[in-house]
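The structure appears below as structure tokens.
Just so it is clear, none of the values below were taken in a lab; they were calculated from the coordinates. Because the structure is a prediction, the values reported are computed rather than measured. Because the Cβ atoms are built from the backbone with ideal geometry, glycine has one as well, and the counts that use them run over all protein chains shown.
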Amino acid sequence: KFKALNDNMFSNTQGVFFIDNYNYITQIKWADYQTFKKIWTIGLDYFYKDSNNVYFNGNIIDWADTISFIDLWSIKDSMYTIGKDKNYLYNKNIKILNSDTNTFTYIDDNFCKDDKNVYFISKEWKGLIILNWIDSITTQVIDANQLSDKNWKYLIKEYKDFDIRDKLRYYFDIIKIN
């Protein structure tokens, strides 16, 4: 029985399959096609789970808890690939060490924090950039690209460019303002 999961994923009795940007079809190893389902999101479909694992774009997210994992799109109406379970935050399929899911909160559309870190929500990269040298307790947002803590004001500039191999790269600068 064929079942379309989204534009680039489908399942049948043989397993679950992912179609990449080059139309190459790959079977998602260890995926249980009977319990494989989308984790509810607003917008694009990136996070899925089955009875054993959580997946991002067809890849297993190591150590993610299948029972407690949620896609934070469902909490904040945005287009970013941020998820969490009872133990960690996840930026796409990367576990953010030293994160606290119990105190994680959005400050505004550009920044979020927990009791350990401040995070910049990258529009270009569509994920989190950890600003771990900024004091999360005293952080205040000034505007879309500026924030302050007890020590400094910070200006964050984000841009994209091509490297010498014509590969698109994302960059950001953080400037301390006195």
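Cross-linked pairs K38/K113; K1/K84; K84/K176: Cα-Cα separations exceed 28 Å for K1/K84; K84/K176. Loop-resident chymotrypsin sites (Phe, Trp or Tyr not before Pro) (DSSP state other than H, G, I, E or B) in the stretch 77-148 with no more than 14 further Cβ atoms inside 10 Å of their Cβ: W133. For the chain, relative contact order (Cα pairs under 8 Å, six or more residues apart, normalised by length) works out to 9 percent. Taking 13 Å as the straight-line reach from the Cα of K150, the aspartates and glutamates in range (excluding those fewer than 8 positions away in the same chain) are D135. Using Cβ point charges alone (K and R +1, D and E -1), the dipole size of the chain about the Cα centre works out to roughly 240 debye. Counting only aspartates and glutamates at least 8 places from K3 when in the same chain, those with an alpha carbon closer than 19 Å to its own are D20, D32, D45, D50.
Based on alpha carbons, the Rg and Dmax found for the chain are 18.3, 63 Å. Taking each residue as 0.36 nm, the span from Y106 to K3 lengthens on full extension beyond its C-alpha to C-alpha distance by 33.5 nm. For the pair D173 and I25, a Förster radius of 35 Å applied to the C-beta separation gives a FRET efficiency near 0.30, rounded to the nearest 0.05.
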